[in-house]
Amino acid sequence: KITKHILYLYSMETFIYGELNRASRSKDESQIKHYGAYAAALSYIIYSANKNRRGDKLKGTNTLYRGLKMEKD
C-alpha cells in the first residue's frame, strides 16, 4: 500500500516532483531534511522492482509516461 502511495505522489503534478528533481540535479544537500527519506524510498522501490523483474516480460521497447494532463487516447 505504501509503495503505491509513494509512487502516486511522485507522479502527480505537485511541488514534490519538481523540488525533488531540482534538488537531485543540483545535489542540494540542504534539501535532504525535506526529501531524503522520500528519495530513499523511491530509490528502494526502483531498485527492488529492477532486481525482481522478469526479463521475459520486458522484451522490446517500453515507454513510461509521467502524466502532464494527457488525454486517455
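Bear in mind these aren't lab numbers, they're just calculated from the coordinates by the rules spelled out. All of these numbers come straight from a predicted model, not from anything done at the bench. We place every Cβ from the backbone using ideal geometry, glycine too, and count neighbours over all the protein chains shown.
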Inset, instruction - For Ile6 and His34, calculate 0.36 nm times their separation in residues minus their Cα-Cα distance, and state this gained length in nm to one decimal. - result: 8.6 nm
Inset, instruction - Evaluate E = 1/(1 + (r/R0)^6) for Ile46 and Glu13, where r is the Cβ-Cβ distance and R0 equals 25 Å; express this FRET efficiency to the nearest 0.05. - result: 0.75
